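The values are calculated or read from the model by the stated rules, or taken from the named source; none is laboratory data. Computed from a predicted structure; not experimentally measured. When we count neighbours, we look across all protein chains shown, and the Cβ atoms used for this are built from the backbone with ideal geometry, even at glycine.
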């Protein structure tokens, strides 16, 4: 099975990247700046609920699929890298371009985390003592960042071995992205075997529990990158299958699938099932948006800097918490304000866009010029 170059308008797919990045940002803002369901039930017992409480519970459910939406990124990464490697699979040049494309923004995210931590240490040292202890995971992130500036942790962070229980918790996925980039040029040489072995390892993963990053990659997350690569390989066929699907039906299927993901994530101790649905939805949306040439300009714009948004939003949310806490806007004991977390989303987007202009956009322009001169 040879990987053939396909004609793909990746600007259309930027909308899916923007959607996934924005959802992760929303989920983390709600999760960090507003109480969880356990704490809400303590304040509002279920037998006292009114319509408002059901609306609140629905909002919490709709914003708890951050891990599932990271799978969107994995599938899209597999799809995009397949396109990059389809016509020219040169291992070292590929890795060089990937490193240049991603590492500066990764370093920017680490620098932003350092700034936020220094501000927290100066103005809110109580966050690191364990004195503030409630159901919100925010304080746990600060406490697990106490060694962020140690020499060992600095080296680990620089080498893509971050403490994912700290202020850079979302970076867990970036580690798996890097592993994929290192191995993708080799896997694509034997695409049929790669698909078969990935599927077998994924099934075995249901019976294997490990803290090893490599084991988790091969028995879980590698599968989603493979789905992206194989979807690229058969994208003309997929587009034919979805040609008769109307936009209303597309939206209905997507909404029902999201609902199923929420239910499965709520009742299943293993989120592999909801992540599988997420990967399925990703392929469904890729095929439909490309076939129907669906353009959502504002989401495409966010998609252009989705990587920067992902790499910086968590730190921005924690900085906002420091500001809101020090000014009395929120109460650290219960985080009961149901509106404040929403304000974090546009602020995260604006901050990320400014960082994008300073770093990622310049790198993209450089790489585009490099491709033009090499043609």
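Of (1) over 20 Å from residue 182 (Cα atoms); (2) surrounded by fewer than 15 Cβ atoms within 10 Å (Cβ to Cβ), residue 90 satisfies all except one. Which?
The number of the failed condition is (1).
Which condition from (1) under 30 Å from residue 317 (Cβ atoms); (2) surrounded by fewer than 19 Cβ atoms within 10 Å (Cβ to Cβ) is the one that residue 199 breaks?
(1)
Quick one: would you say residue 238 is free of Cβ contacts under 8 Å to residues at least 60 places away in the same chain and in contact with a helix residue (DSSP H, G or I) (Cβ under 8 Å, 6 or more places away or on another chain)?
Taking the combined requirement at face value, the residue satisfies it.
Inspect segment 173-186 for any residue being farther than 27 Å from residue 309 by Cβ and either surrounded by 15 or more Cβ atoms within 10 Å (Cβ to Cβ) or at pLDDT 95 or above (or both) and give the result as yes or no.
yes
Could you go through segment 146-159 and let me know if any residue there is assigned to a loop (DSSP other than H, G, I, E, B), crowded, with 17+ Cβ neighbours inside 10 Å and within 21 Å of the chain's Cα centre (by Cα).
no
Tally time: how many residues in segment 225-240 are in a helix (DSSP H, G or I) and surrounded by fewer than 18 Cβ atoms within 10 Å (Cβ to Cβ)?
Count: 4.
Which members of segment 281-327 meet the condition of being surrounded by fewer than 16 Cβ atoms within 10 Å (Cβ to Cβ) and closer than 19 Å to residue 235 by Cβ?
Hits for segment 281-327 are 293, 294, 295.
Starting from residues that are over 19 Å from residue 181 (Cα atoms) and in contact with a helix residue (DSSP H, G or I) (Cβ under 8 Å, 6 or more places away or on another chain), keep the ones in segment 203-224 and report whichever is surrounded by the most Cβ atoms within 10 Å (Cβ to Cβ).
So, considering only residues that are over 19 Å from residue 181 (Cα atoms) and in contact with a helix residue (DSSP H, G or I) (Cβ under 8 Å, 6 or more places away or on another chain), the one surrounded by the most Cβ atoms within 10 Å (Cβ to Cβ) is 205.
Filter segment 241-262 down to the residues that are without any contact (Cβ under 8 Å) to a residue 40 or more places away in the chain and surrounded by fewer than 12 Cβ atoms within 10 Å (Cβ to Cβ), then identify the one that is nearest to residue 6 (Cα to Cα).
Per the criteria, the residue is 244.
Can you confirm whether segment 3-15 contains a residue that is out of contact with any helix residue (DSSP H, G or I) (no Cβ under 7 Å at 6 or more places or on another chain), in contact (Cβ under 8 Å) with a residue 24 or more places away in the chain and crowded, with 16+ Cβ neighbours inside 10 Å?
Looking for residues that are out of contact with any helix residue (DSSP H, G or I) (no Cβ under 7 Å at 6 or more places or on another chain), in contact (Cβ under 8 Å) with a residue 24 or more places away in the chain and crowded, with 16+ Cβ neighbours inside 10 Å, one finds none in segment 3-15, hence no.
Restricting to segment 51-78, name every residue that is over 19 Å from residue 271 (Cα atoms) and at pLDDT 85 or above.
Within segment 51-78, 76, 77, 78 meet the criteria.
Among the residues of segment 264-281, which ones are at pLDDT 90 or above and over 17 Å from residue 20 (Cα atoms)?
264, 272, 273
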